[in-house]
Each structure stands twice: as C-alpha cells, then as structure tokens.
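Colleague: Structure incoming, see below.
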Amino acid sequence: MSGSGFGNGGSDSGLGEEWGVRAARSRALAVLRVRGRALGAAILPAAVAVVLYAGEVTGHFTGSGWATARWIVTVLAVLVLLAAAAVALVVARARPAVTPTVELTETAAPDLHRLVRDLADRLDVPAPSAIALTPDCDSWLEDRSHPAHGRAAVPAGSGPVLVIGSPFLWWMRVGELRAVLAPVVAGTGPAADPDIAAARRFVRGLDAAVAVPGEPGLGALRRLGARGVGRVARLLLRACGTHAAEMERGVAAAGSERAQAVDHGARIVAQEQVGLAYAGWDRLLTRVALPAWRMGRWPSGLDAGVVSALTELSNRDRLAEGFSSRLGERPACDLLEEPGAVDEAASLLAARLFHGGPAEPGPDWAPVEWSRYPEEVVDRKWRAEAARLHDVLDRMGTGTAPGAAEGPTLTRVLTHLTAPPPAAAPEKAAAVTPHTGEADEDDDEVGNPAADALAAALSAQVAREEAQREARAAAAAPAGGGIAGFSGPDGPWPLCPLLPPRTGRDLLADHVTALVCCAAVDSTGAAPGLDWLDGPALLVGGERAADLGPRVLALVEEGDPAPLRAWLSTTGVRPEKPVRLL
C-alpha cells in the first residue's frame, strides 16, 4: 500500500494489520465495482446506438426497421445519459453530513497537536489534518474534503479530521488519552489509500444524495427530479452497503492492530476510564444539565462537571481503582491553552445538540456557573414547578383547606391528595370473581383518583408549555436549520432524547417534591444544593435529604400523608405557611 506505511514487519500484529488492510481494500474495490457497473449501465444504450450507426455506415444495418431501431435507441441513450448526468451532478454537489464540533486550532491547543503528530509518527501514518471536539464520549476520524462543504472543508488529500470526545480531555490523563487515540489516529493510514478514499467518497455522496429531496427551498419540479435521483442513489447504496460496512471493519481492525505497539498497557486502563467517563457524562446530562436547559440556562462547564461527577461516583461506588494516584498525573485538559473557553464552547454545543437553542447566549439562553447553579437553577426550578402545581389546582377549581391560610401552601396539596379511608372489609370481600369465586386483584389495588386527575391536568399543562417552547425555538432558528440550528444530509439534526417520557404520576411526584423543598427553604434553614450524580438536591443541616422521595411517593401513589407529615414535623417545615413562588 503506497504511502501508508502498512505491511512492515513479520509479527502476528503486522500480519493481522496487513490482513485488515487487504480486507478493507478488497471491499473498497467491490464498492467501486458497483460504481463501475452503474456507469456501464448508463453508457450501454449509447454504445448500442454507436454500433447501430456504424452498421448503417458500413451497409450492414439497412432498411426501415433498423432506422426505427436507431431512433429508439438514440432517444433512450440520450435520456439515460441525461439521467446519469443528473445523478452524478447531485451526488457531486450533495453535502455529506459533518458532525457539529468545536474546532481546535494549533494556536488553541499546541500541546495536543504535538501529541497527535508524535503519535502519528510512532504509528508511521499521516497525521490528521485538524482536531475538533465533540460533546460526547467517543472519538473518530471524519473526512471533510467534499467540495460541497465550502470554506469548512479540508483540502482534498490533506487527511481526515480527528474528532475527540470533550469529556475525555477533562477526565483522562495525558497518557490515557494518547492510548485511546492511538487506534483512531492509526486509521489515517488506510484513509490515505486511493481505493479506500474513493470508495468512501462514493458512499458519502450517495448517502447525501438520498436526503436531497428533503432539503428546504426546492421547487416542485426540482423536488420531483431529486426524488428520482434519490431512488437511484438508494438502490446503489443497497448494492454497496454491505461492502462499505466490511471495508470500515477492515480499516478499524488494521488501526487497532497497528496501535497495539503504542502504550499497550495504558490502553487497558484507558478503556476502563472510557466506560467510566460515559457513565458520568450520561448522569451529568440527564440529571444536572437537562433541568438547567429547560429553564433557558446552560451550564458553562460541563466537562469540568464530569470530573466532579466521576469523583463523586468513584468515592461512592469505588468504580475507579487507583483513583487517588491518577490525580497526581497530568490531566489531558492541560494540553489546551484556555481550557475554560474550550469547555464553555463545548458546553454550548452540547446544549444545542441535545436540547436545542440559540447559537449565542441571550436573555432567555444564558450560561450559568456551577457556583451559581443551586440559586439560579435549583431554586428557580422548584418555585416554577410549585407555581405550576398551584396554577393547575386553581384551574381545577380546588380551594384551600378549611382553616388554612390563603395562598399557595403545602397544606392545600396535602389535603387534595389525601385519599379517603379504605372501604370496610365486608364490602371488599363482596368483590369476587363470579366464575372462580376468587378475589378480583384489580379491586384490591389501592388507588388515588385525586392524584390521577391532578397528574393528568399537570401533564397537559406541561405538554402545552413544551409545545410553546419548541415553537419559539423553531421560529428563532435559521431557516432549514432545525431547532438546534444544524443541518445534515438527512435534514435538521434531530435532538437526542435524554430521558424517557415521564408518567403523570412521576410528573406529579416531582412537582410535589418541589413544593416541599420550597416550603423547607422558606420556613427552615434548608437550602437548594447540587448533587453531581442526581442533580437538584435539598440540603437540610448541610446534608442531602435523601429520605424525602419515598414519603412523597406514599402521598401520590397511596394517598397516605402520614410519612410526609412526620418528615415535615421532624424537619420543622410549616406546611400551612404560603411559599414564595417564581
């Protein structure tokens, strides 16, 4: 393989690497054969027409029948050539997907660029043309040399871009990051192979052409033509899809084998840290960042928060062996000139990709530092949910309890959700199945109709507010850019659902908990706090109130207020006192 440096040595690792390259190149040639067959099918009618005209000139194909055949084949050849030219033009001009990233120039991260270049030299492969960060726990090579990418494209032949998961830079040590990036950087070798590069360009172009009919701004005629081109591209993708997948597996195998000689011992430890980083990143996004995003605030130090979350996870569950010794090593974020600025840019990108929002901060989309998170996010979240809960009760026509003070009180909610005493035993015993004589289990289940009605009304209110928020975000987004402001070959980038849909009971429990927390903050020395793994937390006497959740569930699920009232009495919370709403 010319220019790639592969195939050197006779070790088992070298043999495995050579096998991966050969397999990848073989599959790349299969992809290119599909392209060749498509080209052959496109020029076949023209070739037949040339033969028919040559036969006329030589006197072999004469007569009215041959003349008719020549006209039919000529028209068919022209139509097929025009269709083939249209497909080729659309494939060439279609814009393949480019992952939204935070670009890291050599000025912004000279040490990181130096590390990657040194790694490429040790692996004897071309260095990546650029480095970028993605707010995710993954790393890969991405070719951006397609002409349709415009100014953001990398010049053809200069090599792919190395995309690094931003949480890795903050959690991993320098040696661990180098070990994780070794097999990724090794992939630049196969990427330089002409056959593999051509096959990748062909597949990316087809993939982008499939999505052209969905692009905004197309007229009816152009959209109709784009649909025809999309069908042809989809047919070609099905023909070469298996070969392309096997080609990528061969490239990955070759890169993995080549990287075996680089920091082999550190790679085992580094892979453990990859899994740990993913767990902490997921918890941080779903439990900590999501509540802020929903309020129009985005934490500006998500990657730094990963360190705090994983530190808490390691201390709590002892998942990271040798954790204290790792802290003595140089963190990978030291390879950046301004880690804070890079973290803020990656945090904004994460908020846009996972939740949607403007590209720039504004009055309704402002960054928040971790030190301000309890006050600006936790407290405001609780009071907003408490206000929504009381607003829904007002709409349902629920008044205050007898003897209770006017205004939004916890007593009002406790009274509304408290279920009536269970029916007498003889009445329950009468509920039997006629055919079997056995008790009907459904009748024995404890229900809370008041909670069900309130949960349904609350869910409807939340759905209305969410629809209004999405409408405002869509109106503010660039045309055709989707809510998040990014667009790929398949249309606007879809927002990633961070949490499964919540049931009405779950939503009601969250709102009741928020009201309890507001009452505790207003009438006792409790304070809003931040748990790095679980998100907003109530601090009572400096300790997290971990026993509040089951007591709220007893009220919501069973209509039993006794456990929660006991907690309120012990904590000193006055449920009859009106709470301050947002």
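Colleague: Residue check, residue 44 against (1) open to solvent by 90 Å² or more (accessible area, probe 1.4 Å); (2) over 48 Å from the mean Cα position of the chain (by Cα); (3) at pLDDT 90 or above; (4) of a type in the set (A, V, I, L, M, F, W, C), all met but one. Which one?
Modeller: Here residue 44 clears every test but (2).
Colleague: Moving on to the next point. Can you work out which of the residues in the stretch 54-65 that are assigned to a helix (DSSP H, G or I) and exposed (fewer than 14 other Cβ atoms within 10 Å of the Cβ) is modelled with the highest pLDDT?
Modeller: Result: 54.
Colleague: Within the stretch 109-126, which residues are buried (at least 18 other Cβ atoms within 10 Å of the Cβ) and in contact (Cβ under 8 Å) with a residue 60 or more places away in the chain?
Modeller: 109, 112, 115, 116, 119, 120, 123, 125, 126
Colleague: Could you please find all residues in the stretch 306-322 being crowded, with 16+ Cβ neighbours inside 10 Å and either at pLDDT 95 or above or outside any helix (DSSP H, G or I) (or both)?
Modeller: 320
Colleague: Same structure, new question: Would a scan of the stretch 29-36 turn up a residue that is in contact with a Leu (Cβ under 8 Å, 6 or more places away or on another chain), assigned to a helix (DSSP H, G or I) and at pLDDT 90 or above?
Modeller: So far as the stretch 29-36 goes, yes, one or more of its residues are in contact with a Leu (Cβ under 8 Å, 6 or more places away or on another chain), assigned to a helix (DSSP H, G or I) and at pLDDT 90 or above.
Colleague: Something else about it: Among the candidates 197, 239, which residue alone is part of a helix (DSSP H, G or I), hydrophobic (A, V, I, L, M, F, W, C), modelled with pLDDT of 90 or more and surrounded by fewer than 20 Cβ atoms within 10 Å (Cβ to Cβ)?
Modeller: 239
Colleague: Name the single residue that is least open to solvent (accessible area, probe 1.4 Å) among those in the stretch 526-552 being part of a loop (DSSP other than H, G, I, E, B) and farther than 16 Å from residue 569 by Cβ.
Modeller: 533
The values are calculated or read from the model by the stated rules, or taken from the named source; none is laboratory data. As the structure is a computational prediction, the values presented were derived from the model and not from experiment. Neighbour counts are summed over all protein chains in view; Cβ atoms, including those assigned to glycine, are modelled from backbone coordinates with ideal geometry. Only protein heavy atoms, including side chains, enter the accessible area calculation; ligands, DNA and RNA are left aside. Shrake-Rupley method; radii C 1.70, N 1.55, O 1.52, S 1.80 Å.
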